[in-house]
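Written below as structure tokens is the structure these notes are about.
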Amino acid sequence: MGSDESDIKGDISDRSSREWCDEALTRLNAGRPESALDAARRAADLDPGAEWAYRLISLAHERLGRDADALPAAERAVELARGSWPARLRLAAVLRRSPGRWREAVEHATMAGKFAPERPGPGVMLGDLALLGGDHIRAERSYRAALAADPADPADPQARVNLGLSLLRWDHPRPHHDPAWPVDPRETGRVRRALEVWSRQVRLLVALATLAIAGAALLLDRGAPAQLGGFAVLVLLAPLTVRQARRVGLWPYVPAMLCRDPWLGAAVVSAAVSVVAFAAWLLLGAVPSVPSALDPVWAGLAGIVVLGWPALAAVRALAETWRGRPLLALAETIRAREAPEHAHAAQIDRTARRNVGVLLWILLGRTWSVLVPLVGGALAVEPRAAVAALAVPYPMVRGYLRARHRTDRWLPAATALVVLAAAACAAGGLLEAWRAEPAATWAWRVGLGALAAAPVVFGARAARAWWRGGPGPWRTSLIMCDLPVGAEPSVVLNPEVRQTFSYARSIVLSYGDALGPRVAGAVATVTSSGELRVITGLEAWDAVEADPRVAVFAADPLQRRFWVEVRGIAVPGTDALRVTPKQVLVGEFPGRHQRR
């Protein structure tokens, strides 16, 4: 840090604002956001109209985790260059983390796409916003549009990683929270924790009370006192419920939270059903007129109450295993790892490698869940049907070989066990059909043993990840690829171009409307921030609302053969069109000898 400060003090007299911006970007790419912030501030001090400097200030604050400080700089950049698509993306990236300003982020990202339809960045940002909001179909559409815009762009790997998540129907770590709500996610997180704690405590107390009452009645012949204890448990649930209800606070958002996060809703509903079933069981057991034939029915209901959490966990694991299209997601994520090198290659490779490992575990779980009923049905009905087990591991093995994932040492063992189980069970079915009973018996034993050992390996891998606090082999370990956006250099107008627009006798504005390209005479001035202020007819104003891409032509009267074309984005201002340059072309008109 000290060397960076000395560099700043030593070079202050001979560095321009643009050079300081270049230095800030270099330091950001080197992973030194604090030093980059100093350089970007120096650039803004030297040129208050340099919107690139404010974008870099915002980006440095974001990298330091200061979203509140990143927002004013991003808004200042948009104010200086309203037609700058990188500035719009930078502001959208900050606004998506600001409670209640999600829709503004979508608007700015949409506007950036309108300003630069040929660039993939706006499409990636729109895809990220849709993915974080749980709209997987729109996210997939946006990522594919971004990939089609320019496959060679550095945003390509990020689009592929996040496209894989949308194909897998990935949920944000806070699925209960709608980003469009004007509520801090930490507040809804506290509500979610209160609901989870209440449902967990209720189900645990009801399960323990059910087991205790049943044990006391069947083993100790103390049914009546045990029933009284059950009613005491019901009384105990009241203050527990009141305590957690006070922690909720945001009751108007609770129904929407339960709908957005179905597993949270299932946990809360199952807890409520457990209490109702438990109370009904106690009341019916206390009424002498209830026929004894109903006792097994209510015993079964009590068993459902006890087994509610394991059953819900099993259903959730199965549903998450079969959600989405992991093979397509794996293919896109692998292609992201194979993308050309660029400034953030290490971050992309780290994210893609982690997601590939989780996707392979999901494929393994899906394969195992198919083999179990297939083998069980073959044993119960027709052993020769187990031959079909040979084809089940093929997609998993193909994905594993293509991924070349070597960082998880548990994954090859689990994959080998599933393949061995399929092969051994198929062999057992064939040998049994050929009347080779001893060999068939051993084949079945090996297959069933391998099938039972695979979840043990998964459990050991999960326990190791839990103990070390690292990513585990489950869906919640998947992460988005979130690269910094809005660092692209701005287009500047050099003194020669500024002089041309200052002294030009005629300015021509070219724009497009429903009838095709048009040209119109205009008057243009150059602002200190590098924007063109163009005064023209109302028809041009109406046209830029639909398509803001324009071109402004001028010839220098002092150097008669010198001409300038500025291609940019026109945004209506108070009294003139504000044109932010995207590309500047200069040249000379041909001389007399060239015309001959």
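Observations on the structure shown:
- ILE362, ILE137, ILE479, reordered so the largest accessible area comes first (probe 1.4 Å): ILE137, ILE479, ILE362
- Solvent exposure of TRP474, expressed as accessible area, is near 80 Å², computed with a probe of 1.4 Å over the protein chains only.
- Kirkwood analysis of region 446-596, using all unique Cα-Cα pairs, places the hydrodynamic radius at 20.0 Å.
- Helix 410-433 vs. the chain, principal-axis angle (Cα, 0 to 90°, nearest 10): 50 degrees
- Accessible area per residue was computed with a 1.4 Å probe on protein heavy atoms; ARG366 scores about 40 Å².
- Rg/Rg_ref, the chain, where Rg_ref = 2.2 N^0.38 Å and atoms are Cα: 1.32
- Which of ASP156, ASP542, ASP69 is most accessible, then next, and so on - probe 1.4 Å: ASP542, ASP69, ASP156
- Accessible area per residue was computed with a 1.4 Å probe on protein heavy atoms; THR321 scores about 30 Å².
- With Cα atoms, 0 to 90° folded angle of helix 136-149 axis to the chain main axis: 40 degrees
- Accessible area of the chain belonging to carbon and sulfur atoms, whole % at 1.4 Å probe: 60 percent
- Formal net charge of residues neighbouring PRO239 (Cβ-Cβ distance under 15 Å; K, R +1; D, E -1): +3
- Where ILE535, ILE57 fall by accessible area, highest first, once all protein chains stay in place (1.4 Å): ILE535, ILE57
- Average projection, convex hull of the Cα set of region 156-268: 10.1 square nanometres.
- Proximal charge balance of ASP349 [Cβ under 11 Å; K/R count +1, D/E count -1]: +2
- Averaging the sequence gap over all C-alpha pairs within less than 8 Å and six or more residues apart, then dividing by the number of residues, gives region 419-461 a relative contact order of 43 percent.
- Other residues within the sphere of radius under 11 Å centred on the Cβ of PRO122, judged by their own Cβ, net out at +1 (K and R +1, D and E -1).
- Surface exposure of the chain, expressed per residue as accessible area with a 1.4 Å probe, stands at 50 Å².
- A DSSP coil position with no more than 14 other Cβ atoms inside 10 Å describes the following chymotrypsin sites (Phe, Trp or Tyr not before Pro) in region 363-461: TRP434.
- Interatomic Cα distance distribution for region 440-523, bins of 5 angstrom, percent: 3, 9, 8, 8, 7, 7, 7, 5, 4, 4, 4, 5, 7, 7, 6, 4, 3, 2, 1, 0
- Rounded to 10°, Cα long-axis angle of helix 223-248 versus longest principal axis of the chain: 10 degrees
- Across region 514-589, the fraction of Cα-Cα pairs farther apart than 19 Å, rounded to a whole number, is 35%.
- GluC sites (Glu not before Pro) within region 320-353, DSSP loop, no more than 13 other Cβ atoms inside 10 Å: GLU338, GLU341
The values are calculated or read from the model by the stated rules, or taken from the named source; none is laboratory data. Note that the structure is a prediction, hence the values are computed from the model and not measured. Note that we place each Cβ from the backbone using ideal geometry, even for glycine, and neighbour counts take in every protein chain shown. The accessibility values were calculated without ligands, DNA or RNA, using every heavy atom of the protein model including side chains. Shrake-Rupley method; radii C 1.70, N 1.55, O 1.52, S 1.80 Å.
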